[in-house]
Amino acid sequence: MQARVGGLFQSRKPLGYVVLSAASIFLFDTWRPLHFAVAVLYIVVIVLAALWFKQVGILRTAALCAALTCLSFIITHGSDPDSGAAARTMISLAAIAITTKLALFNIATRERLIAVGKEKDNLARFFPQAIVEQIATNDIALSTTRYEPAAVLFVDMIGFTKFCSVLQPQHVIAMLRELLCTLSSSVFEHHGTVDKFTGDGLIAVFGLPVSSDSSATNAVRCALTMQARLQAWNDERAASGQEAVTVAIGIHYGDVVLGDVGCESRLELTVLGDTVNVASRVENHCREAKASILITDAVVRRMLNEGSEGTVRRFTDRGFHAIRGHSEAIRLFAIPRDAALSID
């Protein structure tokens, strides 16, 4: 049944129905004794057009109905119009105009709802649902360039090149999809946003685009959840004879630049700045430090301000380290690579 209705809408039959309905009303209105008593039925024709056509089709239908109303009046009364008939004609034309306006408004509203739905679906790929709803009702444009404090999390798979060399391409992609699905779901559960996927990892931001009073805590708890779920996933992989997957996570807190970059044909909303660079370097330092998670002292200070002393105590102070690309040594706190973690 749905296929038959869809085929009807795609065919020329709707146009024929509209024209036939308008012509029938015109003939009845012109050559029956009840002149203009049924002219108001032209609104039914416009309603039918609204079911099948877009704005241009509705406007053309309205113009046709208005022209037929006027033509019927001229044929019936010529140059000596009856005042009552003229009044009924004006009422009919007003009804046609009002119905047309309402039909156009309804279509515009429907198209707007569809556009918002598509926008939400697209945003849901990178933001948790609660943040998507806030963005949709926010008066500030998402792409407005600005400085904002945020926690930036980098996570990257260790030994990805080795996996590529021993697995078939389809198995590599399947493994990455499962890994990235696990990582991104952890981000969303802790009120973060996925800035971008990096192939074998991702960049997540906590505290943007909607500010939060617990952005650093959310980022660190997200990292702990990621590693705990990865351990459980590796237990399943070991049971089926597959090699374990390990990731490194680095987190830094500070001001970032939020804005869209690229060219007009392809823009990408992203975060930039020294905070992002440091988070990347810290994640890379995990290999040398034999840590599964490294966070900076800026993250720790922010977590203490957020009242997360218990989470801070899970980390070991590793002292100051020289980070590649950064002039000053940074104090790091770590979760060892072999530490057993549980999902909160």
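Brief remarks follow.
- Accessible area of segment 197-255 belonging to carbon and sulfur atoms, whole % at 1.4 Å probe: 45
- Linear extension gain, residue 44 paired with residue 304, 0.36 nm per residue minus alpha-carbon span: 86.9 nm
- Between residue 75 and residue 290, the simple spin-label model (points 7 angstrom out along Cα→Cβ) gives 9.7 nm.
- Centre separation in Å (Cα based) which lies between segment 168-229 and segment 272-290: 16
- In this rough spin-label picture, where each label sits 7 Å from Cα along the Cβ direction, the residue 101-residue 172 distance is 6.3 nm.
- Approximate spin-label separation residue 91-residue 189, in nm, with each point projected 7 Å along Cα-to-Cβ: 6.6
The values are calculated or read from the model by the stated rules, or taken from the named source; none is laboratory data. These numbers were taken from a predicted model, which means no experiment stands behind them. Glycine gets a Cβ as well: all are built from the backbone with ideal geometry, and neighbour counts include every protein chain shown. Protein only, heavy atoms only, side chains kept; ligands, DNA and RNA dropped before computing areas. Shrake-Rupley method; radii C 1.70, N 1.55, O 1.52, S 1.80 Å.
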